[in-house]
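These notes are about the structure you will find just below.
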Amino acid sequence: MSLLVIGSVAFDALETPFGKTDKILGGAGMFIALAASNFVKPINLVSVVGGDFLQSDIAMMQEHGVNTEGLQIKENEKSFFWKGRYFNDMNSRETLVTELNVLGDFDPIIPESYQDCSYLMLGNLAPQVQKQVIERLKNRPKLVVMDTMNFWMNIALDDLMQTIALVDVLSINDEEARQLAGDYSLRKAAKKIMAMGPKFLIIKKGEHGALLFHEEQVFFAPALPLEEVFDPTGAGDTFAGGFIGYLAKTDDYSFENMKRAVIHGSALASFCVEKFGPERIINLTETEVQERVQQFVNLASFEI
Ligand code: AMP
């Protein structure tokens, strides 16, 4: 089934207890697209980069089945830049720099060839841009999944609330869920957030897994305990890409199938953190993905 992805395509600079990087390839849309490409192709990407972006990175995305017709290149401007530093626990981080650059006035143009879209993934971007994408599609997709972050809660809460009201699934981390709902209990926060519009809510808890909520039901997917976590950047987006990619492949968005999708998303995210940036998910085989999904099945299954 056709999948449309929007989200930042960026340069990131990272500091972790294990090392530092200069500007490397990053961005929510890039992680989502690469992750989803393990399940469906092509991935129709809508995003924007500056003249400083590398042609080789665009070529790499294309080799993974990402259609870049909707990737605008603003020759005289700079790409979005984000710099983050991770604390020793590797589960929490601080944003040191956010330079919106080309994202500041991004007009998301949807190529005509993208119009037939069954699954829409609104990756992290300004919420009014996410909303424009929904409005510019002639037909509403079967399923709209949205990811966002505290940055937008802090500077564009009204826009964010309007966009949240239009989506089927919202994916955020635990800290953001608490901030959005104003409630410490994740169960209560989930109720409040689902009352804002989304029928399904995913709360990501980093190395502690993810929760999927729908009405009174809740499903828990663990994270795989890894010996080494090198760089968690993009894990949330990789999770979202795996989640929607699996749903688009199976074309089934029942709660039961969403459980499988959450496990597939978690499996891909577990690869993402093993190396800096997207390095690990660029070089991933189908067998590796299948084996890891099986590790998740083994991790949480028991007899009673
Ligand atoms: P994650 O680790 O899954 O939360 O996502 C990290 C990615 O999000 C990085 O590659 C950043 O480039 C991107 N990012 C960080 N802040 C923003 C923002 N305000 N808008 C869009 N993308 C962002």
Computed for the chain: size of charge dipole around the Cα centre, +1 on C-beta of each Lys and Arg, -1 on C-beta of each Asp and Glu, debye to nearest 20, value 620
In nm², the average projected area of the convex hull spanned by the Cα atoms of segment 190-268 is 5.3
A correct Karplus calculation of ³J(HN,Hα) over segment 288-299, with 6.51 cos²θ - 1.76 cosθ + 1.60, θ = phi - 60°, whole Hz and x for Gly and Pro, returns 4, 5, 4, 4, 6, 4, 4, 4, 5, 4, 5, 4
Of PRO225, PRO278, PRO141, the most mobile residue in a GNM of the chain (C-alpha springs, cutoff 10 Å) is PRO225
Rounded to whole angstrom, the alpha-carbon centroid of segment 72-150 lies from that of segment 199-266 at a distance of 19
Links exceeding 24 Å between C-alpha atoms in this model, out of LYS23/LYS131; LYS23/LYS249; LYS20/LYS41; LYS204/LYS249, come to LYS23/LYS131; LYS23/LYS249; LYS20/LYS41
Applied in sequence order to segment 65-72, the curve 6.51 cos²θ - 1.76 cosθ + 1.60 (Karplus, θ = phi - 60°) yields integer Hz couplings, x standing for Gly and Pro, of x, 8, 7, 9, 4, x, 8, 7
So, with points 7 Å from each Cα along the Cβ direction, the GLU256-GLU227 label distance in nm works out to 3.9
Computed over segment 4-299, the Cα gyration tensor eigenvalues, each multiplied by 5 and square-rooted, give semi-axes in Å (largest first) of 24, 23, 20
A correct Stokes-Einstein calculation for segment 100-171, using the alpha-carbon Kirkwood radius, 25 °C and 0.890 mPa s, returns a whole-number D in µm² s⁻¹ of 195
Of all DSSP beta bridges with both partners in segment 4-299, the antiparallel percent, nearest 5, is 40
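What's the carbon and sulfur percent of segment 23-169's accessible surface, probe 1.4 angstrom, rounded to a whole number?
47
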Between the residues VAL167, GLN294, GLY234, the Cα farthest towards the positive end of the dipole of the chain, that dipole coming from +1 and -1 charges on the beta-carbon of Lys, Arg, Asp and Glu, is from VAL167
Residue-normalised 222 nm signal for the chain, counting each DSSP H run of n ≥ 4 as -39,500 (n - 2.57), nearest 500 deg cm²/dmol, is -11000 deg cm²/dmol
Looking only at aspartates and glutamates whose Cα falls under 15 Å of LYS142's and that sit 8 or more positions away or on another chain, we get ASP116, ASP168, ASP251, ASP252
Averaged per residue, the 1.4 Å probe accessible area of segment 4-299, protein heavy atoms only, in Å², is roughly 42
Mean-square fluctuation maximum in Gaussian network of the chain, Cα pairs under 10 Å, restricted to ASN173, ASN88, ASN124, hits ASN88
Most packed first (mean Cβ within 10 Å per residue), the peptides 31-42, 50-61 order as 31-42, 50-61
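The values are calculated or read from the model by the stated rules, or taken from the named source; none is laboratory data. It should be emphasised that the depicted structure is a prediction, and the values quoted were computed from it without experimental measurement. A quick note on method: Cβ atoms are made from the backbone with ideal geometry, for glycine too, and the neighbour counts reach across all protein chains shown. Accessible surface is based on the protein model in full, side chains and every heavy atom, while ligands, DNA and RNA are left aside. Shrake-Rupley method; radii C 1.70, N 1.55, O 1.52, S 1.80 Å.
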